[in-house]
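Peer 1: Below you will find the structure I want to go over with you.
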Amino acid sequence: MNAKEKIASAEKGCQKAQEAWADASAALAGGVSVNGYGIYHDRSELRYKLQAAQVSIGNAMKALDEIDWPTESDYNQLD
């Protein structure tokens with residue numbers, strides 16, 4: 001793989017990680033309903049948010065781990 005291909009591949013991997021991170025953030029956005037004692041009305045609502053975020057975080061971590069990170073030498077070849 002030449003430097004240009006390596007950088008393009010890393011860019012795609014970073015975009016994939018970014019999208020998964022955004023999905024995790026969206027899954028955790030907003031609140032969950034609680035009663036006057038601070039107890040969840042429906043604990044499955046929080047559980048669903050946490051599980052969805054966990055899956056997305058796992059996807060982001062996997063995307064990061066799969067990137068063949070460019071080196072300074074790779075970037076210098078583009079000049």
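Peer 1: Which residues in the range 46-79 place their backbone N less than 16 Å from a point set 7 Å from the Cα of Ser25 along the Cα-to-Cβ direction?
Peer 2: The answer is 53-54, 56-58, 60-61.
Peer 1: Here's something else I'd like to know. Most fluctuating residue of Ile39, Ile57, Ile67 in a GNM of the chain with Cα springs under 10 Å: which is it?
Peer 2: Ile39
Peer 1: Taking the chain, which chymotrypsin sites (Phe, Trp or Tyr not before Pro) meet the DSSP loop condition and have no more than 10 other C-beta atoms within 10 Å?
Peer 2: Passing both the DSSP loop test and the Cβ count: Tyr37.
Peer 1: Which value, in nm² and rounded to one decimal, describes the direction-averaged projected area of the C-alpha convex hull of the chain?
Peer 2: Average of the hull's projected areas for the chain equals 6.4 nm².
Peer 1: Right, another one. Under a straight-distance cross-link criterion of Cα-Cα below 29 Å, which lysines are reachable from Lys49, leaving out those fewer than 8 residues away in the same chain?
Peer 2: List returned: Lys12, Lys16, Lys62.
Peer 1: Continuing with the same structure: Which GluC sites (Glu not before Pro) in the range 15-79 sit in a loop by DSSP (not H, G, I, E or B) and have at most 16 other Cβ atoms within 10 Å of their own Cβ?
Peer 2: Loop-located and lightly packed - Glu66.
Peer 1: What nm distance separates the two modelled labels at Asp65 and Arg47, each placed 7 Å from Cα along Cα→Cβ?
Peer 2: About 2.7 nm separates the two model spin labels.
Peer 1: Residue-wise, which Karplus ³J(HN,Hα) couplings in Hz belong to the range 45-57, taking 6.51 cos²θ - 1.76 cosθ + 1.60, θ = phi - 60°, and x for glycine or proline?
Peer 2: 4, 5, 4, 4, 4, 5, 5, 5, 5, 4, 4, 5, 5
Peer 1: On a 0 to 90° scale, report how tilted helix 3-28 is relative to the longest principal axis of the chain, with both axes built from alpha carbons and the result rounded to the nearest 10.
Peer 2: That helix lies at roughly 10 degrees to the long axis.
Peer 1: Residue-wise, which Karplus ³J(HN,Hα) couplings in Hz belong to the range 72-79, taking 6.51 cos²θ - 1.76 cosθ + 1.60, θ = phi - 60°, and x for glycine or proline?
Peer 2: 4, 4, 4, 5, 5, 6, 7, 5
Laboratory data are not the source of any read-out in this text; all were calculated from the coordinates shown. Just so it is clear, the structure is predicted and the values come from calculations on it, not from any experiment. Counting neighbours? That spans all protein chains shown, and the Cβs are built from the backbone with ideal geometry, glycine included.
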